[in-house]
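Notes follow the structure.
The values are calculated or read from the model by the stated rules, or taken from the named source; none is laboratory data. These numbers come from a predicted model, not from an experiment. With ideal geometry, Cβ positions are generated from the backbone for all residues, glycine too; neighbour counts draw on all protein chains shown. Just so you know, the surface numbers come from the protein's heavy atoms only, side chains and all, with ligands and any DNA or RNA stripped out. Shrake-Rupley method; radii C 1.70, N 1.55, O 1.52, S 1.80 Å.
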Amino acid sequence: MELLFAFCVGTMTSCGVYLALRGSTFSVVLGLTLLSYAVNLFLFAGGRLMVNAAPILKTGEQITDPLPQALVLTAIVIGFAMTAFIVILAMRARADLGNDHVDGDPPDFPKAKRGGDNRS
Amino acid sequence: MALFWVPLLTCSGSLAALFTQRLGRSACVAISALFPAMALAIILMHTKQVFDLEQIRFTASWIPALGLDLSFRLDGLSFLFAILILAIGLLVMLYARYYLSAHEAAGRFYAYLLLFMTAMVGIVLSNNVLQMWFFWELTSLTSFLLISFWNHRSDARKGARMALAITGAGGLALLAGLLLMGQVVGSYDLDVILNSRELIQSSESYLIMLILVLIGAFTKSAQFPFFFWLPHAMAAPTPVSAYLHSATMVKAGIFLMARMFPVLAGTEAWFLLVSVTGLLTLLIGAYVALFKHDLKGLLAYSTVSHLGLITLLLGLGTDLAAVAAVFHIINHATFKASLFMAAGIIDHESGSRDMRKLNGLFKYMPITATLAMVASAAMAGVPLLNGFLSKEMFFTETLQQSTLGSISWMIPVFATIGAAFSVAYSLRFIHDVFFNGTPGDLPKTPHEPPRYMRVPVEVLVALCLIVGIFPEATVGKLLASASIAVLGGDLPYYHLHIWHGFNLPLVMSILAMAGGAAIYFNRHVLFRIQANFAEKNESVIFDNAVKKLRDASRWLMDGIDTGATQRSVFWLLFLALAFTLPPLMGLNSTAGLRPQLPLDPVMIAGATLLCVCSVATVIWHNNRLLSLLLLSVVGLIVSISFALFSAPDLALTQLSVEVVTIILLLLALYFLPQYVRNHSSPGLIVRDLSVSVLIGGVVGTLTYAMMTRPLDSIAEFYTANAKLLGGGTNIVNVILVDFRGFDTFGEITVLAIAAIGIYKLIARMRLFQPSANIEGIPWAKDKHPFMFEIISQALLPLALMVSCYIFLRGHNLPGGGFIAGLITSVAIIQQYIAHGNDWLVPRIKLNYLTLLSSGLLIAFITGVGGFIWQQPFLKSWHDYVDIPFIGEIELASAMGFDLGVYLTVIGSSMMILANLGGLTTADRLRPQNREAK
């Protein structure tokens, strides 16, 4: 089972990273969401996999490590806030710049000269 | 305590100068001069103790763990320097009163000057090397402000910038040297360092330490090859030059060498580095000074030359040479400060500093001329003046060293040549300016300065004479106590007399005098030779060097960062790979020894679905709706796997977050371009594919390796104490709201910040709203289907009840504030979708901003509540209460905290979604409509 779990985490990471490297903002959002799933699962796996051992105190039952779960729970919520922020940022960029490329100017348009200030 | 007042007083003087500026120059200088005068009085009160070789200390503990104390000490050396700094500072303040014109900001000038004075006394009084370094850098900064006081002049700005760059960079080298020293000695306390000679000199890093400290000293004291900043700093007002560039700041480097003399000197490296640098500086300075037509230029190079002389003396390393160095510090400060002031008077009263125009001024200003002549004579080393005495001692010491082996004779010869040039430029200063014909084309008719402008010059020149005639009576004890502090031990035998008999040093003096006169009267030959060399402008060279450096760094930055996000992210990931791959290679086997769970078909099916959907999301990422749906499948399976592997809280949270996220992304689809362009070239796709597959492989390997190894968790504490201390059986929830409540508080704050940031981003957004989908089919007419409206309305109370239940049971069973908050949000969002913004806004009177902030406030108050019972922040309390009809229930303060979490989560998620959703309605621009949310 552990091998399968690790394989899934790896696959999700790969897909997430590839999408995060795309040029259009929506793909990046998809990629980051996928990546945060993978990261959450990875952190969760820090407590090892156990079935039927929820960290609820009952007498005489074995329970799993609660600490990674507490970490991941807040990570999920913060991950949502991050995704939301990026989505709105992407929309705002589209509204202000007129396109959805991560740099704000797609490469097939004539690229504005990158200006460094020449003040001495 | 008294010592602490010295820098404090000068610093307060700086403020006083600013506040009294509007009272006029005289009042401003009179009031602000009181402060350094008091500081001087405090120093002088310790005269007897210092002369009795006591060391006075003041220490206040600041950060004891880091060895940082506020610590001052007064010994002979710092006593001498403190008097020079404060006394000459007072004279300069008086002088500047007449030098500055009425329309100049005198208050600002004095504020800078006193701040500089603070920094200088700070350097000399510090008993902690880091503290000393702080004041050292402060002198660089304040001298920058003083040199650029006339900031409308480009040469002043350039000179100030150059001085700051050189001395500031030297300061950084010094810091490195001092840190090394502190590491070796194990303390930054000067007392400890000064007693660790053997430790420092035998350490491996002695040479590095020495070079770094010397770079600091050489840059500050304008030694070869860093001296070029000093002549350019002459763009400063003349009082500044008289103070900083003759008596104080340039002496800071000398002070540092003298201070560190007991621990650093005495080695071959010290001798070679310091004496050769000093000798070179002495010769170059003296030679160049002769060719300067600018009065202050001449004095600047002469200062460079004299600083070289003192450095050479310290470099010789013998006890008597150190005494001579200290003596020359005193003498140089007096005659050079008076010469600068005289040059300032000439400039002020004749309008020029050019010696080709200034001739025959003796007729116009006889008193100033006489004073300047005496000071120049002291500079040239004429008998009966103080410069003669220290120069004789210098000659004696050059004769008595033999460190260069068979070529040791070169040092006295070069010293005599340097002295001859010094006589020549002194003669030029006297003869060219005050005699030698009549004034050229001057802007003003020269005349004597105001009475009190001359007083500081008179005082200093009188000192030159008195010290020159009665050395033992005047400065004998001062010199002795300072020399003992430099040598860190016994004083060698010497006697300060004018007449030592007819000996070799006297012959050298006579040779220098005759040679100097010969050089001066045949200077035209030298001027002709010098004219063959193109004159270098250090300012231009410096500017070019800075420009080259800037171009190089820009070239490097452009090479690394082209401004393309994708490229930066790629390199970031590449680096992450480069750092994680090697340690993984060191792992013997991927699988560990921990027993693994058995596989079952359901798990295999779930995993297959997850992988297929992930890959499909990538394949169809240009088809927005399809990829989003595939992504939501992935999210669902993730929540199912949480449920499977014993994490019910996570499953619930993931599930509700999933719903909110997908709704958010669906909304975003409406506004983002309908076509997803393919920006990537095939090469780029291959590159990204390879890096992402590699990263996935690394992460997968890591996960597998981690999961198959035994777990050594720190969670036992939480498991054992959740019920006992936190009063709950759901350990995850108890950790969140109790044990690690402070972290959770931080996390909900982040959530709130993100929501407010999003609110601001949305507030002024003007988006294009498509009226049809990608195929040109218009949106459905029936926005809010009747059935959906009815069902969602019926579901609302049910959903709210569920969330209430989830919230209440959270402490003991899966649930809690986070999950309940998300469920409530989903219920409200459903109403928005079913009925639309317009219908809902008048009916749901919730201000999400208020909700969010009250949530944070409740969480905070619950945390602070502990203070009332003298408990730490977020300390929880719980008890059992018996409520009629319901039975015994448990009340915990953590519940209040969880309520705060609950409200914050609702407030944040609703603020994000309701505001975004509001954009889709036609009347979104009406401000009051937005206010309602």
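Is the shape of segment B:675-766 rounded, prolate or oblate, going by the alpha carbon gyration tensor and its root eigenvalues a ≥ b ≥ c, with a/c under 1.5 for rounded and a/b larger than b/c for prolate?
oblate
Straight-line reach only, C-alpha to C-alpha below 29 angstrom: list the lysines that B:Lys220 could link to, leaving out same-chain residues fewer than 8 apart.
Answer for B:Lys220, where 29 Å is the Cα cut-off: B:Lys158, B:Lys251, B:Lys292, B:Lys296, B:Lys336, B:Lys391, B:Lys477, B:Lys536, B:Lys547, B:Lys548, listed by chain and number.
Heavy atoms only, probe 1.4 Å: what % of the accessible area of segment B:591-679 goes to carbon and sulfur, would you let me know?
77 percent
When the Debye formula is applied to the Cα atoms of segment B:471-626, each taken as the same point scatterer, what base-10 log of I(q)/I(0) results at q = 0.15, 0.19 Å⁻¹?
Computed log10 I(q)/I(0) values: -1.16, -1.27.
For B:Gln55 and B:Ile685, calculate 0.36 nm times their separation in residues minus their Cα-Cα distance, and state this gained length in nm to one decimal.
That works out to 219.5 nm of additional length.
For segment B:416-448, list residues with backbone N below 19 Å from a point placed 7 Å from the Cα of B:Asn503 toward its Cβ?
B:416
Give a residue-ordered list of calculated ³J(HN,Hα) values for segment B:193-203 (Karplus: 6.51 cos²θ - 1.76 cosθ + 1.60, θ = phi - 60°; whole Hz; x for Gly, Pro).
Each residue's phi maps through the Karplus curve to give 4, 5, 9, 10, 3, 5, 4, 6, 6, 8, 6 Hz.
Could you give me D for segment B:265-521, from Stokes-Einstein at 10 °C and 1.306 mPa s, where the hydrodynamic radius is the Kirkwood radius over C-alpha pairs? Units µm² s⁻¹, please.
Rounded to a whole number, D works out at 86 µm²/s.
With θ taken as phi - 60° and the coefficients 6.51, -1.76 and 1.60, list the Karplus ³J(HN,Hα) couplings across segment B:36-41 in order, rounded to whole Hz; mark glycine and proline as x.
Whole-Hz 3J(HN,Hα) from phi for segment B:36-41: x, 5, 5, 4, 4, 4.
Given a Förster radius of 45 Å and the C-beta distance between B:Ala37 and B:Asp558 as r, what FRET efficiency does 1/(1 + (r/R0)^6) yield to the nearest 0.05?
0.20
With each pseudo-label sitting 7 Å past Cα toward Cβ, what's the B:Ile604-B:Ser853 distance in nm, one decimal?
5.8 nm
Please state the Cα pair-distance histogram of segment B:591-679 with 5 angstrom bins from zero: what percent is in each bin?
All Cα pairs considered, the percentages come to 3, 13, 18, 19, 18, 12, 8, 5, 3, 2, 0.
Roughly what angle does helix B:2-19 make with the longest principal axis of chain B, taking Cα atoms, 0 to 90 degrees, to the nearest 10?
80 degrees
Using a probe radius of 1.4 Å on protein heavy atoms only, what is the accessible area buried between chains A and B, both sides summed, to the nearest 100 Å²?
9100 Å²
Tell me the Kirkwood radius of the protein assembly as shown: reciprocal of the mean inverse pair distance over distinct alpha-carbon atoms, in Å.
This gives a value of 35.3 Å.
What angle do you read, to the nearest 10 degrees and between 0 and 90, between the alpha-carbon axis of helix B:601-619 and the longest principal axis of chain B?
Long axis of B:601-619 versus the principal axis of chain B: about 60 degrees.
Modelled label-to-label distance, B:Thr565 and B:Ala780, 7 Å Cα→beta-carbon offset: nm?
3.3 nm
How many partner chain Cβ atoms sit within 10 Å of a residue's Cβ in peptide B:622-631, on average, as a whole number?
Average neighbour count from other chains, rounded to a whole number: 3.
Against the longest principal axis of chain B, how steep is helix B:410-434, in degrees 0 to 90 to the nearest 10, with axes from Cα atoms?
80 degrees
Leaving out same-chain residues fewer than 8 places away, which aspartates and glutamates sit with a Cα under 20 Å from that of B:Lys363?
B:Asp347, B:Glu349, B:Asp354, B:Asp432, B:Asp441, B:Glu448, B:Glu458
With a bin width of 10 angstrom, please list the P(r) values of segment B:1-150 as percents of all Cα-Cα pairs, from the 0 bin to the one holding the largest distance.
12, 41, 31, 14, 3, 0
Using only DSSP helix segments of four residues or longer, with each worth -39500 (n - 2.57), what per-residue ellipticity at 222 nm results for the protein assembly as shown after dividing by its residue count and rounding to 500?
So the helix-based figure for the protein assembly as shown works out to -22500 deg cm²/dmol.
Using the heavy atoms of the protein chains and a 1.4 angstrom probe, tell me the accessible area per residue for segment B:311-377 in square angstrom.
21 Å²
Which percent of the accessible area of segment B:265-521 is formed by carbon and sulfur heavy atoms (probe 1.4 angstrom)?
Looking at segment B:265-521 in its full context, I get 69 percent from C and S.
In nm, to one decimal, how far is the B:Phe717 label point from the B:Phe414 one, both placed 7 Å along Cα→Cβ?
Between B:Phe717 and B:Phe414, the label points sit 6.6 nm apart.
From the phi of every residue in segment A:64-74, what ³J(HN,Hα) in whole Hz does the Karplus formula 6.51 cos²θ - 1.76 cosθ + 1.60 yield, where θ is phi - 60° and glycine or proline is x?
Rounded to whole hertz, the list is 7, 5, x, 5, x, 5, 5, 4, 5, 4, 5.
Can you list the lysines whose alpha carbon is less than 19 Å from that of A:Lys58, not counting same-chain residues fewer than 8 positions off?
Correct list for A:Lys58: B:Lys723.
With a Förster radius of 22 Å, plug the Cβ-Cβ distance of B:Glu104 and B:Val540 into 1/(1 + (r/R0)^6) and report the FRET value to the nearest 0.05.
0.15
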